[in-house]
Each structure stands twice: as structure tokens, then as C-alpha cells.
């Protein structure tokens, strides 16, 4: 599980603002304050990494302290500064001495040193990278595809804590998908259809969640299947008309019309596992469209897709072309509460989508 630590010492916020920010963190880290001090300041109970005796995780900065603290029955986190290639061995040595966590500080942040550290220390302990913003956090969590085991955010803003928390959460997220029963379909004529090309390659059972209602999103498979008429394009999802909702993060939707190169997007597979990606391009063309209607329990839901053999909805066992869909077929759908304002869920607002 990826861990999100926040360095409290640099946060320039009032105690009331700190409390809401720090509840997002798995661990609050401080060189200056004890666990008692942190909880008194923030007013919330948190796991604390600190040099203080009452800390949950003992924070150490040198090998001598690491050796001494290993005698205590407590998790230990060693902080290592990496300034050159030779310093990477310090990380391995800290794990060899028995550190449970190693926090890597790079004064001149680079991806290559992190790649080397990850490859040499994999499975030896938990490797955390100190970062200053959500962009660095994303790089740390994605490097060598494996990424670090977590990040320590050293910043001065509660807003950045929230944004970085979203990055960490999206790297872990799993969604619940249900089997909805197809109840009918009908042709609806020409419309502006969007193909979403990502910067990644998808596999069978992976695609994007789209739909006419933000509360019911159908899993449309990427164009991974071979057929006699067109080559596979595993980076692409033929997602439907530009007015549809698409899940772009675990808690945010966009209209397909809003997507463009560089915008974040969320790839989902049939087990509900997610991975964040990015839009490479969006190609909009006028194509014949078909309305698909389905139900789950007492809820009715709809999506519209291009009426072509290559567009497939994901099922538990495989996928089914929209041209082959029949009443009684079951397809995978993400069900959640409706009511969104600029793509963000507003639970208190009453919105009906038909």
C-alpha cells in the first residue's frame, strides 16, 4: 500500500486548517514536535514520525542513531540525502542496518537516481521519496512502473496537501463495478463522436468509464481486439458522443468535449483496478450512434456509442460488441451517487439525470 506522509514543520497554516489537511495523511512527520505536541496543535489523533520518545515511528538522521534506535521495539525511519550516484548505496545500507523506512531527499530532484534506488532496494523495506508538490509525487509513484512505496510531502500549503493526497489515492484506487442488464438499444442517427487516445497501452478488459448519467458509467473497452478490417489501437477508446460523462479521476468526471492533450484520464479494468493516465489526443468525427439502455436493481441507465463492430462493452468474462448487444446481456457499470457541479460530486444537491 502506498503511504502518504506530510512534513508538518514546513506547513504555514493555522491549527484549524492543519487539522483538515493532516487527516488526509497516513503519517505526520516532524523533527521538532512530539506526538503529544502534534495532536495538541492539530486537535486530531494521527500517526506521528518524530525523534521524540512518544512517536509512533522513530525518525533518525544518521547511522549511529539508527543502530541505537533499533534496540527499541518501534518502527524506524531513516532519512538519507542523495546528492550523487555514490549516495545511492546509503539507502541500501540503511535497510541493511534494519530501517523499516528510508526517506530519500534529493536536493536536485531527478528521476534517474530514483530509478537506480528502486531497482537496488526493491522489497528490502519501504522506500519513501521526499517531494515538494503533487507533480513530483506522481513521478515518484510511477518511476520504473513500480514507483516508491510512498511519498513525504514537504510544502507550506494545505491546498498542496489536498492535491498530493488525490495523486496518492488515485494510484491506489479500486472501484466497485456491477453487472447491469441490457434492456434495449436503438439507433439515434449521426452525432459528434470522440475517440480518446491515451499516452498508454491498454489490455483486454481495460478502458474508460463513460455514460449519459454521472451516476452510471459503462466500461467501454479500448480498441485492443484484432479484426479483419482495422488494426488494433490499444491506446484508444472510442468513447461515444462529446456530451457524455467520462471518469477522469476517482472522484471527478468531465464531459468528453472537455478532454484534450495533456488532460488527466483514468484507465479502469474489469476488476475495478485503476491507473491514472493522460490524454494524448481526442479525435472528434460525425458517426452513426446507438443508444444502449440497461438496468441494475431498480435503476435505469443509458449510454450512447458509435454503432460499429469495434466498440465493445466490458463484461465479467470478456467483452461484447455494441452491434451484438441483446436484451439480457450483462455489462459492467460503475454506480454511484449522482449530482455533480463542474465534475465534482455534490452529495447534498438533488439532481435528476435522464
Test result for residue 248, more than 19 Å from residue 320 (Cα to Cα), assigned by TED's automatic domain parsing to the domain that holds residue 294 and either outside any strand (DSSP E or B) or out of contact with any helix residue (DSSP H, G or I) (no Cβ under 8 Å at 6 or more places or on another chain) (or both):
yes
Considering segment 276-308 alone, what residues qualify as being within 26 Å of the chain's Cα centre (by Cα), more than 16 Å from residue 220 (Cβ to Cβ) and surrounded by fewer than 20 Cβ atoms within 10 Å (Cβ to Cβ)?
278, 280, 281
In segment 4-43, which residue that is modelled with pLDDT under 90 and under 17 Å from residue 167 (Cα atoms) is surrounded by the fewest Cβ atoms within 10 Å (Cβ to Cβ)?
23
Scan segment 47-69 for residues that are buried (at least 17 other Cβ atoms within 10 Å of the Cβ) and at pLDDT below 90 and jot them down.
60, 66, 69
Residues of segment 147-184 being surrounded by fewer than 22 Cβ atoms within 10 Å (Cβ to Cβ) and assigned to a strand (DSSP E or B), in sequence order, are 174, 178, 179, 181, 182, 183, 184
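The values are calculated or read from the model by the stated rules, or taken from the named source; none is laboratory data. Since the structure is predicted, the reported quantities are computational estimates derived from the model, not experimental observations. Please note: Cβ atoms are built from the backbone with ideal geometry, for glycine as well, and neighbour counts cover all protein chains shown.
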